[in-house]
Structure formats: C-alpha cells, structure tokens
Amino acid sequence: MAEDPKKLLFRLQHIIPQKLSPAVNVYPTEATTSSLHDFPMDIEFQMTWGKVAAKTWGPPDGRPVFALHGWLDNAGTFDTLIPLLPKSLRIVAVDTAGHGLSDHYPPDIAYNFFDCLVAIERLAGLLKWKKFSLIGHSMGAAMSMLYAGVFPEKVDTLVCLDLARAEVTRPETVGLRLRKTVGKLLKYEAAIVAGPEKPFTYEVAIEKSISGSFGSLNRNACELLFKRGLKQVDGGYVFRRDRRLMAAPLTLTPKEDQLAMAREVTANVLIIKFAQGPDFESRDNFMEHVENLKTKAKNVFFVEVDGTHHVHLTNPNRVASIISDFLNAPSSNPHTSVQS
C-alpha cells in the first residue's frame with residue numbers, strides 16, 4: 001500500500017534530516033579576533049527535527065560547560081554573567097527548542113520537560129563531550145538537575161540558579177493540570193494555524209517582558225534577551241518563542257521520583273536561591289531535595305543571595321564570584337550547606 005502523501009511529507013520535513021551539511025555550524029562574530037571569552041560565537045546544531053542555536057564562550061579546548069536558560073528566556077540570559085566567570089571555561093549557552101533562535105517543534109509534537117535528556121545527550125555527542133558541567137537558571141536548573149540524576153557519570157559540577165528541580169506534581173491536582181494543559185495547547189495550536197501574531201511596538205515588548213517576569217527583568221535585561229528573542233516584522237515586533245510554550249508541559253514530576261533521582265547525583269552541587277525569587281514549593285520541601293542530594297554528591301552547597309528571579313542577569317556580580325570560586329576549587333568538606 002502506498003504511503004499517505006501527507007505522512008511522507010511530514011517525515012521528509014521533520015524526521016529525516018533535511019540537510020547533509022555538518023551537524024555543527026559555527027558563525028563567527030566580528031569580535032572573535034579579540035577575547036574568545038568576552039565575545040561569543042554563534043553556533044547551530046542540526047537535529048532531525050530542525051536546528052538548535054547556541055552561543056559559545058571561551059577557548060575550544062576549555063573545560064566544557066552547558067548553560068541552560070529559564071522558561072521563555074534564551075541563551076542571552078547569561079550574557080552579563082559569563083564574562084565574569086573563569087576564562088578557562090568552554091561554555092555553550094543553548095537556546096532550548098522553541099526558544100530564541102532555535103527552531104520550533106513540528107506541528108502536533110508537544111514540548112515535554114523530559115526532552116531535555118535527549119537534547120543534552122545529542123548536544124554532548126555532537127561536541128564529543130564525555131564529561132561536563134551544567135549551569136542552569138530556573139527551568140534550565142530543573143533540566144540540569146534531572147540530567148545529573150539520570151546520567152550522573154557525565155556531570156562533574158552542577159550549578160542551579162533559583163530553582164533546584166521541576167515544579168512538583170501532586171496527585172490531588174495532576175488530573176486538572178493535565179486537562180488544562182491540553183486545552184491550552186489546542187488553543188495555541190489553533191492560533192498558530194490561524195496566522196501570525198499581531199505585531200506590537202518595541203516599547204510594548206519591553207512592558208510585556210517586565211510585567212510577565214513580575215518585575216524581575218529591567219529594560220537592559222529585556223534588550224539583551226531581545227537579541228535572540230524578538231523579531232522585527234511588518235508593523236512592529238513579535239516574540240520568537242513558540243506560542244505553545246505558554247502551556248504547561250505535559251509532564252508528571254512527582255516529588256518522590258525527583259528525590260530518587262537527586263540521590264543518584266554524584267557531582268559537586270551548588271544551589272543559589274534568589275531571596276526575592278518565586279517560591280514554587282515550601283522551604284521545607286526545597287531543603288528536603290537539597291538534603292537528598294547529599295546521598296552521593298561529592299559536595300552540596302546552598303547559598304541565598306539578595307535579588308529577584310533574574311538577578312544573575314540584572315546584577316551578575318552578586319553570584320559570579322560564588323560560582324567562580326565553586327568552579328575553581330570546590331570544598332573538600334563534603335555535604336556542607338552554606339547560607340549567606
């Protein structure tokens with residue numbers, strides 16, 4: 001029986017790679033003749049479904065580090081922090097699927113939190129990284145924690161900013177949450193099919209971003225994120241992110257499962273909580289996760305600093321020295337919690 005033409009077209013567009021070009025494409029910027037650390041290079045990774053965009057910082061033979069951004073942000077979230085970190089690091093700051101300059105998932109394929117496991121594995125394989133560090137903010141921190149628990153032998157250092165794990169799903173509300181997510185996904189899919197978003201002015205984009213972050217972003221931070229996250233079109237601007245990301249992921253992340261994976265982490269772990277950042281769970285539950293990390297992790301440090309959810313971007317000096325000291329010389333005293 002002949003294959004359905006629509007299914008064949010979908011396979012050709014989204015499952016079978018469209019290009020036979022190198023899997024990793026590098027695009028040097030005009031500043032790359034100067035410091036490789038202070039001026040990043042754009043890079044693209046060819047996946048089967050499309051491309052993943054990233055920014056690379058530091059020497060090609062430096063200590064390998066992935067930097068993963070938060071929900072609806074992009075690799076630009078690290079633009080002010082990375083120049084303050086050790087120059088010996090080779091940092092690949094990734095635009096996760098549907099964010100920044102990375103492609104959106106094909107129609108009818110929903111975003112799933114656990115996709116990060118496959119994505120990090122693919123990227124590490126393309127870069128030929130056998131062992132590396134992870135720095136994650138918010139959603140990126142939760143992804144990094146998950147990966148470090150599933151592939152503990154591959155992660156030597158884990159830095160989590162303002163979040164330590166995915167938001168916990170609870171049995172009494174998980175059904176309603178999934179039901180609402182399905183409804184929102186169908187709503188956003190219909191809107192995408194109906195046509196592009198209505199453009200808005202640059203100032204409205206600033207206002208939307210600041211209000212959407214509950215004030216944790218300022219104008220300068222917005223403009224840094226806009227370099228990868230905003231697109232100029234006829235009549236104004238639109239955000240580049242996939243509108244389907246506005247729906248919660250169709251993922252189950254119960255506390256017990258996340259604690260079990262935390263107990264498998266063997267890396268040096270640094271968790272920095274931003275004092276005025278959002279609390280996705282109680283302090284007791286948060287610290288329970290930190291305590292479970294001590295089962296196998298070489299070192300576990302918890303630090304609290306003053307600032308809102310994007311303080312690593314708006315005031316990077318508050319966290320840069322803490323991260324640098326940790327990356328350079330983790331304490332030999334294991335299982336230590338630090339408050340500041």
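The values are calculated or read from the model by the stated rules, or taken from the named source; none is laboratory data. The model shown is predicted, which means the values in this text are computed figures rather than measured ones. Note that we place each Cβ from the backbone using ideal geometry, even for glycine, and neighbour counts take in every protein chain shown. In case anyone asks, the SASA skips ligands and DNA or RNA and just uses the protein heavy atoms, side chains included. Shrake-Rupley method; radii C 1.70, N 1.55, O 1.52, S 1.80 Å.
Observations, loosely collected:
- Among the residues examined, HIS14 qualifies as at pLDDT below 95 and part of a helix (DSSP H, G or I).
- Failed item, numbered, when ALA247 is tested on (1) at pLDDT below 95; (2) hydrophobic (A, V, I, L, M, F, W, C); (3) over 17 Å from the mean Cα position of the chain (by Cα); (4) within 23 Å of THR96 (Cβ to Cβ): (3)
- Verdict on GLU203 being outside any loop (DSSP other than H, G, I, E, B), over 30 Å from GLU256 (Cα atoms) and touching a residue at least 60 places away in the same chain (Cβ under 8 Å): no
- Scanning the stretch 162-175 for residues that are more than 22 Å from the chain's Cα centre (by Cα) and open to solvent by 70 Å² or more (accessible area, probe 1.4 Å) turns up ARG170, PRO171, GLU172.
- Residue that is farthest from ALA262 (Cα to Cα), among those in the stretch 128-162 that are touching a helix residue (DSSP H, G or I) at 6+ places or on another chain (Cβ under 9 Å) and among the charged types (D, E, K, R): LYS130
- Of residues in the stretch 61-74 being touching a helix residue (DSSP H, G or I) at 6+ places or on another chain (Cβ under 9 Å) and assigned to a loop (DSSP other than H, G, I, E, B), the one most open to solvent (accessible area, probe 1.4 Å): TRP71
- Candidates are the residues of the stretch 176-193 that are open to solvent by less than 50 Å² (accessible area, probe 1.4 Å) and among the small types (Gly, Ala, Ser); the one that is nearest to PHE239 (Cα to Cα) is ALA191.
- Residue pairs whose Cβ atoms lie under 7 Å apart, separated by 6 or more positions or on different chains, with the first residue in the stretch 164-178 and in contact (Cβ under 8 Å) with a residue 40 or more places away in the chain and the second among the small types (Gly, Ala, Ser), are ALA164/ALA141; ARG165/ALA142; ALA166/ALA142; ARG177/ALA248.
- Selected residue (criterion: nearest to ILE210 (Cα to Cα)) from residues of the stretch 229-243 that are part of a strand (DSSP E or B) and open to solvent by 80 Å² or more (accessible area, probe 1.4 Å): LYS231
- Of all residues in the stretch 46-105, exactly one satisfies the criterion of being hydroxyl-bearing (Ser, Thr, Tyr), farther than 23 Å from HIS310 by Cβ and out of contact with any Lys or Arg (no Cβ under 8 Å at 6 or more places or on another chain), namely THR48.
- HIS312 meets the conditions (1) of a type outside the set (Val, Ile, Thr); (2) modelled with pLDDT under 95; (3) open to solvent by less than 20 Å² (accessible area, probe 1.4 Å) in every case but one. The failed one is (2).
- Residue count, the stretch 251-276 (criterion: small (Gly, Ala, Ser) and either open to solvent by 10 Å² or more (accessible area, probe 1.4 Å) or at pLDDT below 95 (or both)): 2
- For SER211, the criteria (1) modelled with pLDDT of 95 or more; (2) within 30 Å of VAL305 (Cα to Cα); (3) surrounded by 12 or more Cβ atoms within 10 Å (Cβ to Cβ) hold in every case but one, which is (3).
- Residue satisfying condition, being in contact (Cβ under 8 Å) with a residue 40 or more places away in the chain, under 18 Å from GLU291 (Cα atoms) and buried (at least 20 other Cβ atoms within 10 Å of the Cβ), within set VAL159, VAL155: VAL159
- Residues that are open to solvent by less than 10 Å² (accessible area, probe 1.4 Å) and outside any strand (DSSP E or B), drawn from the stretch 75-99: ALA75, GLY76, THR77, PHE78, LEU81, ILE82, LEU85, ASP95, GLY98, HIS99
- Put simply, of ALA54, ALA124 the only residue that is farther than 29 Å from SER216 by Cβ, buried (at least 17 other Cβ atoms within 10 Å of the Cβ) and small (Gly, Ala, Ser) is ALA124.
- Those residues of the stretch 100-116 which are open to solvent by less than 60 Å² (accessible area, probe 1.4 Å), of a type outside the set (Gly, Ala, Ser) and either farther than 28 Å from ASP156 by Cβ or at pLDDT 95 or above (or both), in sequence order: LEU101, ASP103, TYR105, PRO106, TYR111
- Restricting attention to the stretch 291-321, the residues that are under 20 Å from GLY70 (Cα atoms), β-branched (Val, Ile, Thr) and not in a loop (DSSP other than H, G, I, E, B) total 5.
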